[in-house]
Amino acid sequence: MSDKNWSVKIPLETSVDDVGYKAETNFSETVKYNIKSTLLTCPGEILSEPDFGVCLRKIIFENPTPSVIQKLKLNIHSQIREYMPYIKLIKSQIVFTPDMNGLNIRLAYRISESQSVETFETSIDLTKI
């Protein structure tokens, strides 16, 4: 998998010859970036895919009840199934921080191409997104 250019490397860096941007050759890193983008993007922000995105910033105004967390999990699973069919979610864990201003997300998934099991983890301060 490492001999292909999967996407541009984030954050953007110019290549040595300053002709283009450095390519991301690690598929695992590309998948993690795509998951993060899916979580942070709100439906309607990408005109070509108007239903794309989980829109975590909407959670700021929600009371973190079990039903809200379950709804968020279902949305994450649905978005990944629809827009990232090359991975299969195995387990998801969502925890609000004690002050309720933060959210910890942990996703375990299998990458179809390599069958490797990987983990994506992020902590988000909901007041800053």
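The values are calculated or read from the model by the stated rules, or taken from the named source; none is laboratory data. The structure displayed is predicted, hence computed values, not measured ones. Positions of Cβ are backbone-derived with ideal geometry, glycine not excepted, and every protein chain shown enters the neighbour counts. Heads up: the accessible areas ignore ligands, DNA and RNA and are worked out on the full protein's heavy atoms, side chains in. Shrake-Rupley method; radii C 1.70, N 1.55, O 1.52, S 1.80 Å.
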Next item on the list: Consider Pro64 carefully, then state whether it is in a loop (DSSP other than H, G, I, E, B), at pLDDT 65 or above and on the phi < 0 side of the Ramachandran plot.
Entry: yes
Check: When only residues in the range 17-46 that are aromatic (Phe, Trp, Tyr) and at pLDDT below 85 count, which is least open to solvent (accessible area, probe 1.4 Å)?
Finding: Phe27
Checklist line | Pick from the range 52-71, criterion of a type outside the set (Phe, Trp, Tyr) and touching a Ser or Thr at 6+ places or on another chain (Cβ under 8 Å), ranking: nearest to Leu103 (Cα to Cα) | finding: Ile60
Notebook entry, point to check: Identify, please: which residue in the range 47-99 is among the hydrophobic types (A, V, I, L, M, F, W, C) and touching a residue at least 60 places away in the same chain (Cβ under 8 Å) and is, among those, most open to solvent (accessible area, probe 1.4 Å)?
Noted result: Ile60
Notebook entry, point to check: Do we find that Ile105 is open to solvent by less than 50 Å² (accessible area, probe 1.4 Å), closer than 21 Å to Lys58 by Cβ and outside any strand (DSSP E or B) in this structure?
Noted result: no
